[in-house]
Every structure is written in structure tokens, then in C-alpha cells.
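The values are calculated or read from the model by the stated rules, or taken from the named source; none is laboratory data. Everything numeric here is computed off the predicted structure, so don't read it as measured data. Glycine gets a Cβ as well: all are built from the backbone with ideal geometry, and neighbour counts include every protein chain shown. Surface accessibility is based on the protein's heavy atoms, side chains included, excluding ligands, DNA and RNA. Shrake-Rupley method; radii C 1.70, N 1.55, O 1.52, S 1.80 Å.
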Amino acid sequence: MKGISQLLRDFRRVVEENNIMSIAYAGIPGFCQPFAELFAYVIKNKENYFIPYTDLNNVKILTLKENIGMQMEDFGKIDYVDALVIFGGLAMPKFNVSEEEVRELILKLSPKITIGVGFMDIFKKVNWKIKFDYL
């Protein structure tokens with residue numbers, strides 16, 4: 001895809017076409033988190049959550065704040081979402097998150113669809129074999 005605007009439009013289309021009501025974004029705090037807020041903004045009428053790393057006990061909810069955009073607040077734990085976005089930051093070796101940890105997260109949440117969002121072919125570079133419904 002060319003540009004973030006096209007990526008966000010395609011993301012919104014995927015959410016609408018798959019009747020997604022709740023979505024979680026798993027990624028690295030500080031790096032992936034701003035992208036989660038951006039993605040959540042284009043589907044702000046849905047339930048949006050951020051999972052730092054793969055920690056289901058420290059989930060944040062993304063809420064719309066007037067004149068600011070999406071902001072994260074403590075939430076707790078989630079057991080299920082319709083869609084799970086795996087950000088490429090998790091695949092970066094310096095963050096020590098294994099493919100197996102991500103697979104376990106996918107199994108625990110049992111989403112209808114799994115979406116991989118990464119740049120510069122990070123999932124391919126680290127040879128992850130996760131079969132994303134959308135990449």
C-alpha cells in the first residue's frame with residue numbers, strides 16, 4: 001500500500017466487511033501504541049483495546065477524548081475480541097517477544113480475524129509463520 005491514509009481506509013473496510021465490533025492491538029508501548037490510537041480513531045465507534053506486548057492482564061481501553069483523539073486508560077483483562085491486530089514491533093528481536101507468545105495470545109483471544117501490521121517486511125525478516133487473515 002502507498003501511504004498511511006490508504007492503510008487506514010483499507011483497515012476500516014476490513015473491519016466493516018467482517019462485522020467487527022471489538023478489536024485489540026498488540027504491540028510495544030511507545031512504538032506501536034501511537035499506531036493503535038491512530039487505527040482506533042478510524043473505527044472509534046467500536047470497542048478498541050491495546051495489549052502491551054502480549055500481557056492480557058494489563059490491557060488498556062482506547063476511548064475518544066473530545067478535541068484530542070484516542071487516549072488509553074487502564075482497563076484490566078479481556079477474554080475475547082472479534083479482531084486482533086499484531087503490530088510488527090512485537091517481531092523486532094530487541095523486544096524479546098517470541099512468535100510462540102504471539103500464537104498463544106491469538107489462541108487465548110480466539111478472534112474471528114487476525115491482522116498483521118508491520119513495515120519493511122518485519123514478519124518475513126524474522127521468519128514468523130503466523131498465518132494472518134490480513135497482512
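Would you please name the residue that is most open to solvent (accessible area, probe 1.4 Å), looking only at residues in segment 92-122 that are touching a Gly at 6+ places or on another chain (Cβ under 7 Å) and under 16 Å from residue 134 (Cβ atoms)?
In the first step, residues of segment 92-122 are kept if they are touching a Gly at 6+ places or on another chain (Cβ under 7 Å); the result is 95, 117-119, 122.
Subsequent filtering for residues that are under 16 Å from residue 134 (Cβ atoms) retains 117-119, 122.
Numbers: 117: 13, 118: 36, 119: 105, 122: 31 Å².
Checked segment 92-122; the qualifying residue most open to solvent (accessible area, probe 1.4 Å) is 119.
Restricting attention to segment 52-70, report how many residues are assigned to a strand (DSSP E or B) and either over 13 Å from the mean Cα position of the chain (by Cα) or touching a residue at least 24 places away in the same chain (Cβ under 8 Å) (or both). Break it down into steps so the answer makes sense when it comes.
We begin by selecting, within segment 52-70, every residue assigned to a strand (DSSP E or B); these are 52, 59-65, 69-70.
So of that shortlist, the ones also either over 13 Å from the mean Cα position of the chain (by Cα) or touching a residue at least 24 places away in the same chain (Cβ under 8 Å) (or both) come out as 52, 59, 62-65, 69-70.
Residues meeting the conditions: 8.
Are any residues in segment 28-71 in contact with an Asp or Glu (Cβ under 9 Å, 6 or more places away or on another chain) and open to solvent by 50 Å² or more (accessible area, probe 1.4 Å), and if so, which ones? Reasoning before the result, please.
First, pick out the residues of segment 28-71 that are in contact with an Asp or Glu (Cβ under 9 Å, 6 or more places away or on another chain): 43, 46-48, 50, 53-54, 56, 58-63, 69-71.
Once the filter is applied, which keeps residues that are in contact with an Asp or Glu (Cβ under 9 Å, 6 or more places away or on another chain) and open to solvent by 50 Å² or more (accessible area, probe 1.4 Å), segment 28-71 yields 47, 53, 58, 71.
Out of 73, 100, 104, 47, which single residue is charged (D, E, K, R) and either in contact (Cβ under 8 Å) with a residue 60 or more places away in the chain or closer than 24 Å to residue 16 by Cα (or both)?
Details: 73 fails: either in contact (Cβ under 8 Å) with a residue 60 or more places away in the chain or closer than 24 Å to residue 16 by Cα (or both); 100 fails: either in contact (Cβ under 8 Å) with a residue 60 or more places away in the chain or closer than 24 Å to residue 16 by Cα (or both); 104 fails: either in contact (Cβ under 8 Å) with a residue 60 or more places away in the chain or closer than 24 Å to residue 16 by Cα (or both).
So the residue among 73, 100, 104, 47 that is charged (D, E, K, R) and either in contact (Cβ under 8 Å) with a residue 60 or more places away in the chain or closer than 24 Å to residue 16 by Cα (or both) is 47.
For segment 29-44, which positions are touching a residue at least 40 places away in the same chain (Cβ under 8 Å), in contact with a Leu (Cβ under 8 Å, 6 or more places away or on another chain) and not in a helix (DSSP H, G or I)?
Just the residues of segment 29-44 that are touching a residue at least 40 places away in the same chain (Cβ under 8 Å), to begin with: 31-32, 35-36, 39.
Add one more test, that the residue is in contact with a Leu (Cβ under 8 Å, 6 or more places away or on another chain), and what stays is 32, 36, 39.
If the condition is that a residue be touching a residue at least 40 places away in the same chain (Cβ under 8 Å), in contact with a Leu (Cβ under 8 Å, 6 or more places away or on another chain) and not in a helix (DSSP H, G or I), then 32 is the only one that fits.
Condition test on residue 89, is it of a type outside the set (A, V, I, L, M), within 16 Å of the chain's Cα centre (by Cα) and surrounded by 13 or more Cβ atoms within 10 Å (Cβ to Cβ)?
On the way: of a type outside the set (A, V, I, L, M): yes; within 16 Å of the chain's Cα centre (by Cα): yes; surrounded by 13 or more Cβ atoms within 10 Å (Cβ to Cβ): yes.
Against the criterion (of a type outside the set (A, V, I, L, M), within 16 Å of the chain's Cα centre (by Cα) and surrounded by 13 or more Cβ atoms within 10 Å (Cβ to Cβ)), residue 89 qualifies.
Which one is nearest to residue 20 (Cα to Cα) among residues in segment 121-135 that are without any contact (Cβ under 8 Å) to a residue 24 or more places away in the chain and either aromatic (Phe, Trp, Tyr) or in a loop (DSSP other than H, G, I, E, B) (or both)?
Filtering segment 121-135 for residues that are without any contact (Cβ under 8 Å) to a residue 24 or more places away in the chain and either aromatic (Phe, Trp, Tyr) or in a loop (DSSP other than H, G, I, E, B) (or both), the one nearest to residue 20 (Cα to Cα) comes out as 133.
Filter segment 78-97 for residues that are touching a helix residue (DSSP H, G or I) at 6+ places or on another chain (Cβ under 7 Å) and over 24 Å from residue 18 (Cα atoms) and give the result.
Of everything in segment 78-97, those that are touching a helix residue (DSSP H, G or I) at 6+ places or on another chain (Cβ under 7 Å) and over 24 Å from residue 18 (Cα atoms) turn out to be 89, 90, 91, 92, 95, 97.
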